Protein chains: 2
Amino acid sequence: MVERLSESEISSALMALKGWKLREDGLAITRSLQFSDFAEAFGFMTRVAILAEKADHHPEWFNVYNKVEITLTTHDASGLSERDVALAKQIDAAA
Amino acid sequence: MVERLSESEISSALMALKGWKLREDGLAITRSLQFSDFAEAFGFMTRVAILAEKADHHPEWFNVYNKVEITLTTHDASGLSERDVALAKQIDAAA
């Protein structure tokens, strides 16, 4: 079982991240990214896929051409946990 | 400009494909796939990404863990074209 973050923990986490928004229901964070083309976008996704697999924590994501929309949530916590924040930081570093 | 397929061309194409459905608005085809885990799902996506880049025709797709949902449409044709059918066949072969 993974512990769910409190509202104040989420607020501090969002301040330390780049371009992430809290989803309306408060249970996930999302970030939209745009690249120069598909190859750049998918190259980024490949880096994130490897980081996610290593962390054993996986994104929900959508891609069309040069755009990538990422949603992070922790099903075991029924909301946001430290695992989402940790992966979001890695994604920011990869972007 | 790419030519849009007629309804009868779409029907014949769907019969030749595996598990693709016409989207409700008739302007796109979709297929949902499930793999054993994230690494398998993303490995499949990587093969499709390379095929898509070679064809210069890209999917709209969503992934969460072992599931992949793919949508194909041709913006230049405002609907379905031979390019979607050709990429769908390659995706079927990769799946």
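Descriptive notes on the structure:
- Some residue of region B:6-17 being open to solvent by 10 Å² or more (accessible area, probe 1.4 Å), facing another protein chain (nearest Cβ under 10 Å) and not in a strand (DSSP E or B): no
- Candidate set from region A:58-95 (those that are outside any strand (DSSP E or B), within 13 Å of chain B (Cβ to nearest Cβ) and free of Cβ contacts under 8 Å to residues at least 24 places away in the same chain); member that is farthest from A:LEU22 (Cα to Cα): A:HIS58
- Filter result (among the aromatic types (Phe, Trp, Tyr) and more than 13 Å from the chain's Cα centre (by Cα)) within region B:45-80: B:TYR65
- Hits in region B:29-42 - residues which are buried (at least 18 other Cβ atoms within 10 Å of the Cβ) and part of a loop (DSSP other than H, G, I, E, B): B:PHE35
- Filtered residue count, region B:43-88, keeping only those that are surrounded by 15 or more Cβ atoms within 10 Å (Cβ to Cβ), over 20 Å from A:GLU53 (Cα atoms) and not aliphatic (A, V, I, L, M): 12
- Filter pass, B:GLY26 being at negative phi and open to solvent by less than 50 Å² (accessible area, probe 1.4 Å): no
The values are calculated or read from the model by the stated rules, or taken from the named source; none is laboratory data. The structure displayed is predicted, hence computed values, not measured ones. As a convention, Cβ positions derive from the backbone with ideal geometry for all residues, glycine included, and neighbour counts pool all protein chains shown. SASA here: full protein model, heavy atoms, side chains in, ligands and nucleic acids out. Shrake-Rupley method; radii C 1.70, N 1.55, O 1.52, S 1.80 Å.
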